[in-house]
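The next block holds one structure in the form of structure tokens; read it before the comments.
The values are calculated or read from the model by the stated rules, or taken from the named source; none is laboratory data. Keep in mind the model is a prediction, meaning the values are calculated, not measured. Counting neighbours? That spans all protein chains shown, and the Cβs are built from the backbone with ideal geometry, glycine included.
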Amino acid sequence: MDKFKKFLKNSNKIEKIFVIIVPLIILLGVSDIVKYNHQTDNVTTNQKQELLANDVNNTEVNNVDKDNNDEKDNDVKSENEEVDSEKDTSNKTKEDIINEDNSDEKDTSINSTSENVKAEENRPNKQETIYFNKSIKGRGSSDEGRTEPNYTGLYGYAVVYYGTDVRKLSLNSPWIIPTYKKIDYDHYEVNGELPHKTVVKVISQNLTHEGYGRYDGYLTVTIPENGDEEYLIDVSNFITNDYWDFPSVKDSASWGYSIAEYHQNSDKLPVYVDNDIANVKDGAKVIIKGKTGTYGSGRVDDDLRQVEAYYFNENREESTVFFNEYDLKIVY
């Protein structure tokens, strides 16, 4: 301080002014700089706040714009899809559209058919599909060599046996066959009857070999139209062929008994076994027994008169008469 006073005392006026003024100027300058920096800091802070606010606003605006753009994009996409769909539809031919409709109807029809089939399967007492294997000989005869015939599961007919006493067969009323019941291991007795030509289904069989491809025994059968009730019939009463409907009387005669009506159509009159003419009234009914056998020289010729039948006169007296097949018509 003393040095400064001494300097002032020895300095000229200009120097004194310079020494005093310069520091003041410097001091004032520093003050302005500090003030300016403070103002700058305030401005910077405010600008930062404004910028931050602007960023937030811009973000919100951008989000809004993005949402709007997304909505526009979705609207455009939806419109494009509708246009594409319309194009696809317009590009489809009439035949394609019809095929699609038919496909839908077909699917519905298939579903409906499937439901109907299930309903039919579940329907009580539904009608069975009956099939007759007409290659089967029936009556206990072997179909292959001498092996036991297998009738189980087959449909057929319960018919009179061709060895039945014809005197027990009526020319007018329906024929019947006996049914049986088992009373011990190997004995059976008659317990009922079935009409001739009754359709049956074989459930089981119990047969024994009699020799030369012939089997004897019994069949357990049901009548399809009557449900599950079982009957026991002799195997000799079972066949699978409806021979009474054969177009050839000669072929029919090989299978079993039937009733035929006589009308003279050929030039070969009915005869007895000795080839003498038999007096048979036109329109008479006879029971066909079978095909004419070989009786030897001077007797009936099986090439001329192919059918052997039982004829009953007015007194119910039975005689065997031989007919030309074209003179007989099966009526039962």
### Query
Somewhere in segment 285-292, is a residue in contact with a strand residue (DSSP E or B) (Cβ under 7 Å, 6 or more places away or on another chain), basic (K, R) and assigned to a helix (DSSP H, G or I)?
no
### Query
For segment 155-195, what are the residues that are under 21 Å from S254 (Cα atoms), in a loop (DSSP other than H, G, I, E, B) and among the hydrophobic types (A, V, I, L, M, F, W, C)?
V159, V160, L169, L171, W175
### Query
Of the residues that sit in segment 314-332 and are within 23 Å of G256 (Cβ to Cβ) and in a loop (DSSP other than H, G, I, E, B), which one is nearest to the chain's Cα centre (by Cα)?
Y332
### Selection within segment 203-241 - among the β-branched types (V, I, T), within 16 Å of S142 (Cα to Cα) and in a strand (DSSP E or B)
T208, I239
### Task
Output the residues belonging to segment 164-212 that are in contact with a Pro (Cβ under 9 Å, 6 or more places away or on another chain), farther than 24 Å from V286 by Cβ and of a type outside the set (D, E, K, R).
V190, N191, G192, L194, V199, V200, Q205, L207
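Please work out if A309 is modelled with pLDDT of 95 or more, under 30 Å from N237 (Cα atoms) and either loosely packed, with under 13 Cβ neighbours inside 10 Å or within 52 Å of the chain's Cα centre (by Cα) (or both).
So A309 passes the test.
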## Note on the structure
With the first residue restricted to segment 289-313 and required to be within 21 Å of I259 (Cβ to Cβ), and the second required to be modelled with pLDDT under 95 and aliphatic (A, V, I, L, M), Cβ contacts under 9 Å at 6 or more apart or on different chains are K289/V166; Y310/V166; Y310/L169; F312/V166; F312/L171
#### Entry: Meets criteria (at pLDDT below 90 and basic (K, R)) for R139
no
## Note on the structure
Of (1) touching a Gly at 6+ places or on another chain (Cβ under 6 Å); (2) within 26 Å of E128 (Cβ to Cβ); (3) not polar (S, T, N, Q), G217 satisfies every one except (1)
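Please find, within segment 222-254, the residue that is surrounded by the fewest Cβ atoms within 10 Å (Cβ to Cβ) out of those that are under 14 Å from Y162 (Cβ atoms) and without any contact (Cβ under 8 Å) to a residue 40 or more places away in the chain.
So in segment 222-254, the residues under 14 Å from Y162 (Cβ atoms) come out as 234-239, 241, 243-244, 252-254.
Then keep just the ones that are without any contact (Cβ under 8 Å) to a residue 40 or more places away in the chain; that gives 243, 254.
Numbers: Y243: 21, S254: 13.
Ranking the candidates gives S254 first.
Test R139 against the stated conditions and say whether it is among the charged types (D, E, K, R) and either under 30 Å from R316 (Cα atoms) or surrounded by 15 or more Cβ atoms within 10 Å (Cβ to Cβ) (or both).
On the way: among the charged types (D, E, K, R): yes; either under 30 Å from R316 (Cα atoms) or surrounded by 15 or more Cβ atoms within 10 Å (Cβ to Cβ) (or both): yes.
It is true that R139 is among the charged types (D, E, K, R) and either under 30 Å from R316 (Cα atoms) or surrounded by 15 or more Cβ atoms within 10 Å (Cβ to Cβ) (or both).
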